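Just so it is clear, none of the values below were taken in a lab; they were calculated from the coordinates. Here the structure is a predicted model, which means the values were calculated and not measured. All Cβ positions, glycine included, derive from the backbone under ideal geometry; neighbour counts span all protein chains shown.
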Amino acid sequence: MTTQSPASLKVSELAQGIDILEESVRSLDKDLLNILLLDRTTRKNILWATTDYVSYGPEFGEFCEILPKLVTGEYATLIQPRITKSQSARLGRTRDKAEVFTPSWVCNKQNNLIDQQWFGRENVFNTENGESWTVISEPISFEGCKNDWEKYIDAKRLEITCGEAPYLVSRYDTVTGEKISLERRIGLLDRKMRVVRENTDTAEEWLTWAQRAFESVYGFEYQGDNLLLARENLLYSYIEYYFERFRQMPGIPLLRKIARIISWNIWQMDGLKCVVPGSCKSAVNLQFTLFDYLGNDDFYADDSPVQCPGCVRGDIYRHTGDYCKITDWRSKHTQTFLSMMKGGRP
């Protein structure tokens with residue numbers, strides 16, 4: 001008969017099946033949950049950005065902040081992965097927000113294409129078998145590649161409209177709800193963490209390159225509950241990889257550091273506008289030139305509220321909302337996500 005160590009019990013207590021419990025995260029460290037709920041652009045909390053929870057009260061309004069008290073205590077099981085939501089709720093989100101989650105075997109197929117281009121060969125991490133895959137057991141070889149394993153870790157990856165971030169970390173299949181063991185995971189960050197494990201010898205090296213791996217992956221999502229789940233999935237994945245390497249829980253200061261990186265890199269954004277959801281403001285108090293009004297039926301010459309010019313014209317560069325900020329951890333430079341569309345570097 002085998003028994004779990006206190007550390008492994010602590011790891012398992014943070015999740016109930018595939019669902020990570022906000023109550024357990026807060027019990028571990030209240031600041032950790034605060035960090036996971038933080039919006040780095042507004043310096044407030046992320047927003048619900050969905051009407052799914054309005055029946056619980058005014059604090060659950062579409063553009064209200066997600067506060068710790070609203071996801072713990074009596075609301076401890078309120079936010080659930082998509083697979084555990086009711087069929088009607090899933091259909092509603094598909095209809096209203098075009099939310100469609102991708103099975104892991106499809107994520108794997110697409111991630112394999114990325115690595116095929118990077119390595120210049122097929123079947124680097126696994127071989128595909130229909131709707132499954134077989135893991136390559138030998139260490140990942142970088143022989144013949146243009147770049148080394150360090151470059152692979154630092155290579156930036158972005159999952160757009162990331163939902164629960166299945167392309168980055170594959171703790172479970174978002175369509176079936178099946179848990180995926182650590183050695184079989186196929187996310188872009190999972191692959192980086194495998195390379196870290198295979199190429200670092202000391203604890204210091206592992207910690208350095210594991211952090212760099214987390215600094216290199218990005219994702220944005222509109223709906224706040226999905227965003228929180230994505231952030232939790234990344235943080236919990238770090239805990240699992242740390243436990244695999246050191247057979248103990250990471251310390252709270254280290255978890256806060258990783259959570260801070262995650263809260264910057266996995267952010268809330270309206271992908272069509274590059275702004276925080278619902279942040280576009282009336283332009284009634286803004287100064288426009290005469291030419292903004294002449295011959296444009298969308299604007300008004302009286303004192304009626306004037307809509308956001310970006311929303312009216314479909315011009316991504318003229319929104320009055322809060323343009324989302326991201327950071328490049330290598331250069332320690334922060335800029336708006338939109339600025340990259342003008343040729344800026346992340």
Tally Lys/Arg at +1 and Asp/Glu at -1 over every other residue whose Cβ is under 9 Å from the Cβ of S263; what's the total?
+2
For a quick protection proxy, order the peptides 210-223, 170-183 by their average other-Cβ count within 10 Å, most packed first.
210-223, 170-183
To the nearest 0.05, the calculated FRET efficiency linking D328 and E244 through their beta-carbon distance, R0 being 35 Å, is 0.75
Quick one: if you stick a label point 7 Å off each Cα along the C-beta vector at E138 and K156, how many nm between them?
3.4 nm
Between D31 and W105, what's the calculated FRET efficiency when r is the beta-carbon distance and R0 is 35 Å? Round to 0.05.
0.40
Within a Cβ distance under 15 Å of G73, other residues only, what is the Lys/Arg minus Asp/Glu net charge?
-1
Stretchable slack from T202 to S282, in nm (0.36 nm times residue separation minus alpha-carbon distance)
23.3 nm
Footprinting exposure proxy for M269, M341 (fewest neighbouring C-beta atoms within 10 Å first):
M341, M269
Within the stretch 220-238, find all residues whose amide N lies under 16 Å from a label point positioned 7 Å from the Cα of Q80 along Cα-to-beta-carbon.
225-226, 229
Using a cut-off of 10 Å between beta-carbons, work out the net charge of the residues near L37 (Lys and Arg +1, Asp and Glu -1, L37 not included).
-1
When K69, K10 are ranked with the fewest other C-beta atoms within 10 Å first, the list becomes K69, K10
If r is the Cβ-Cβ distance from Q335 to E122 and R0 is 22 Å, what FRET efficiency results, to the nearest 0.05?
0.05
The extension gain from E131 to K179, computed as 0.36 nm times the residue separation minus the Cα-Cα distance, is 15.8 nm
Alpha carbon Rg of the stretch 1-279, scaled by the compact-globule rule 2.2 N^0.38 Å
0.99
Quick one: dipole size for the stretch 155-209, taken about the Cα centre, charges +1 on Lys/Arg Cβ and -1 on Asp/Glu Cβ, in debye to the nearest 20.
160 debye
Mind ranking 54-63, 73-82 by how tightly packed they are, going by the mean number of other C-beta atoms within 10 angstrom, highest first?
73-82, 54-63
